[in-house]
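Below: the structure, in structure tokens.
The values are calculated or read from the model by the stated rules, or taken from the named source; none is laboratory data. It should be emphasised that the depicted structure is a prediction, and the values quoted were computed from it without experimental measurement. Please note: Cβ atoms are built from the backbone with ideal geometry, for glycine as well, and neighbour counts cover all protein chains shown. We work out accessible area using only protein heavy atoms, side chains counted, and drop any ligands, DNA or RNA first. Shrake-Rupley method; radii C 1.70, N 1.55, O 1.52, S 1.80 Å.
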Amino acid sequence: MPDTWEALEHDCKNCRECSLWETRTNVVFGVGNQNAEVLFIGEGPGANEDAQGVPFVGRAGHLLDDMLEIIGLKRDDVYIANIVKCRPPQNRDPLPAESEACMPWLREQFRLLHPKIVVCLGRVAAQRMIRQDFSVTREHGQIIEKGGILFMGTFHPAALLRQPQNKPEAFADFTVLRDTIAAVCEHTYHK
Ligand code: URA
């Protein structure tokens, strides 16, 4: 695997490790600050992301931007990636084999970024990154330490658009995130 962001992104954009390449318009590699201490992980690109090659640019993405802003962060203060880099047709959940095939890219993003805090947006990311039986409903907002990295699972912004009654709990999770950043991050709020 290459050890620069540019080379990694180049290789990722040519990936054909699973069949999602056949229906993608763009590979959605990830965006944000390559020195970020906080990594957000979603599930996979939707239609807007596939069209633009950028994660979280649709309605759910705007909600994510709003939530970041409430805790004093901009997209460029964090890094945003997905479990799968290519859009699953009809926005279905990624198949386990697709997630597995895509994991090396995320692993390399971890290696280049070495984040202090990882926020998993929704069930697919939380179950892949935290624990296979992670329940967002029951365990959202909890800080879980794994291998020296702090993980949190929270609601997926698209789920919040469908179920806005969960927004207060999601905002509370972001408050926990803000406090955790203040406790463990060196430069996120001091630019
Ligand atoms: N939903 C995701 O999980 N990721 C995106 O990039 C966009 C929507």
Proportion of all alpha-carbon pairs of the chain beyond 22 Å (%): 42 percent
Volume per residue of the C-alpha convex hull in segment 101-176, rounded to whole Å³: 100 Å³
Ranked packing of 2-8, 177-183, most packed first, by mean Cβ within 10 Å: 177-183, 2-8
DSSP-assigned coil residues among trypsin sites (Lys or Arg not before Pro) in segment 86-130, each with at most 10 further Cβ atoms within 10 Å: ARG92
Heavy-atom accessible surface of segment 47-149: percent carbon and sulfur, 1.4 Å: 51 percent
In Hz, Karplus ³J(HN,Hα) per residue of segment 73-87 (6.51, -1.76, 1.60; θ = phi - 60°; x = Gly, Pro): 10, 10, 3, 7, 8, 10, 10, 10, 9, 10, 5, 10, 8, 10, 5
Test item: Cα-centred dipole of the chain, Lys/Arg +1 and Asp/Glu -1 on Cβ, debye: 300 debye
Residue-wise HN-Hα coupling along segment 26-32, computed from phi with Karplus coefficients 6.51, -1.76, 1.60 (Hz; x: Gly, Pro): 9, 6, 9, 6, x, 9, x
Taking all pairs of distinct alpha-carbon atoms in segment 35-90, Kirkwood radius in angstrom: 11.7 Å
Solvent-accessible area per residue, Å², over segment 55-187 with all protein chains present [probe radius 1.4 Å]: 47 Å²
